[in-house]
Amino acid sequence: MRQVSSKLKQWLEGFNKHMETLVKNGFKPTPSNAREALAVLTFKLVTHYPQIAWIQDDMINAPGFAIPVRIYHPAVASRLPVLVYLHGGGHMAGSISVYDPICRKMAHATKHIVVSADYRLAPECPYPAGVTDACQTVKNVWSVLDGRNLKYQPRLSIAGDSGGGALCATVAHLSQYDAGVDIKHQVLIYPSLDYTMNWKSIEENATGYLLHKDKITWYFDNYFQNAENRKAASPYHMDFTSNLPQTFVITAGLCPLRDEAFAYLVKAKAAGLRTQHLHFDDLIHAFLNLEDLIKDECNATYEEIGKFLNH
């Protein structure tokens, strides 16, 4: 029988009871309370993070929209490779501010210059705005680093969690055919990879494990507002060629998105890509945002990402 980690059990039971009470009292999901919930969760449970030598905000001037970014350089005197990070939040929540502690940890663990993108969110800016911003960040990251006179190696990797993982993988697939973009690695952390939602794990883990099936549906309905072909927009259903980056996928056993990540790895391996998989059978979705409850597992995740990117 599958069981959630004993480190999470009490917190998760309390969270579920709290949500039951809210619903009984008339709670309805809105973009505002979704954003607030992710921010509060992260600020309360990711409380220890390293000092980074140089952190500054900047803008990537892309056609139609200037994309805010936050740059983390852990060793200003060194020429380090670059990692573009795309935060999670179901395409509706999250920001560079909410993900600041996670990006600090990512920069420290990977010894990369991390560029965190504040891409546009639904429902105000539905699909494909987030994809456009993610692609433009990857295309123009060198110009913003040059504008700051930062030392770097021209070696690019990308990473993202949950909805940010969806954007990360989408950028990787689209970039297969763009000679001007060279992505060495992608790191997909409990990623959303198939918007059709036809997976056993979505039913198995439909309720009780932080990310509910109904919430995923709500996220996607806000993201896709113009009758788009959701299958065609899903990274899992895009082309897999040898031009994709080396791929590291991190999954949780009690996450609704688990099975599509497993299946994505099978396709990546079949395309001849170097892949790596880190799986925690007793954890839930968004576990990096719950770090104070599961420090060992989060530390192991950052450590393995660092090893993969620096292989």
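Lysines within cross-link reach of Lys24: Cα-Cα under 30 Å, excluding same-chain residues under 8 positions apart?
Within reach: Lys7, Lys9, Lys44, Lys200, Lys213, Lys215.
Based on other C-beta atoms within 10 Å, arrange Leu273, Leu86 from fewest to most.
Values: Leu273 18, Leu86 30.
In increasing order of surrounding Cβ atoms, one gets Leu273, Leu86.
I need the P(r) histogram for segment 6-309: all alpha carbon pairs, bin width 10 Å from 0 out to the longest distance, whole percents.
In order of increasing distance, the bins hold 6, 30, 38, 21, 5, 0 percent.
So who's got an amide H within less than 5 Å of the one on Gly253, skipping anything under 5 residues away but keeping other chains? H placed 1.01 Å off N, in plane.
The list, which skips near neighbours in sequence, is Phe280, Asp281, Asp282, Leu283.
How about segment 27-102: which trypsin sites (Lys or Arg not before Pro) there are in a DSSP loop, with at most 13 other Cβ atoms within 10 Å of their Cβ?
Loop-located and lightly packed - Arg79.
Using Cα positions and a limit of under 14 Å, work out the aspartates and glutamates in reach of Lys28, with same-chain residues fewer than 8 apart set aside.
Glu20, Glu36, Asp214
For a protection proxy built on the mean count of beta-carbon atoms within 10 angstrom, sort 219-227, 110-118, 257-265, 23-31 highest first, please. Don't skip to the answer; put the middle values down first.
Values: 219-227: 16.1, 110-118: 25.2, 257-265: 21.3, 23-31: 10.1.
Going by the mean number of other Cβ atoms within 10 Å, highest first, we get 110-118, 257-265, 219-227, 23-31.
With n ≥ 4 as the cut-off for DSSP H runs, can you work out [θ] at 222 nm for the chain, using -39500 (n - 2.57) per run divided by the number of residues, rounded to the nearest 500? If you can, show how the numbers build up before the last one.
Numbers: 9 runs with 120 residues, N = 311.
The per-residue figure over the chain is -12500 deg cm²/dmol.
Relative contact order of the chain, please, whole-number percent, based on alpha carbon pairs below 8 angstrom and at least 6 residues apart.
Working: 589 pairs, mean separation 60.2, N = 311.
Over the chain, the number comes to 19 percent.
Relative to the longest principal axis of the chain, what angle (0 to 90°, nearest 10) does the C-alpha long axis of helix 31-45 take?
80 degrees
Find how many whole Å separate the alpha carbon centroid of segment 17-43 from the alpha carbon centroid of segment 242-311.
27 Å
Express as a percent, rounded to the nearest 5, the fraction of DSSP beta bridges in the chain (both residues included) that run antiparallel. Each step should come with its number before you reach the end.
Numbers: 13 of 41 bridges.
Counting only bridges with both partners in the chain, antiparallel ones make up about 30 percent.
Read the figures in this text as sums done on the coordinates, not as results from a lab. Remember, it's a predicted structure, so these values are computed and weren't measured experimentally. Because the Cβ atoms are built from the backbone with ideal geometry, glycine has one as well, and the counts that use them run over all protein chains shown.
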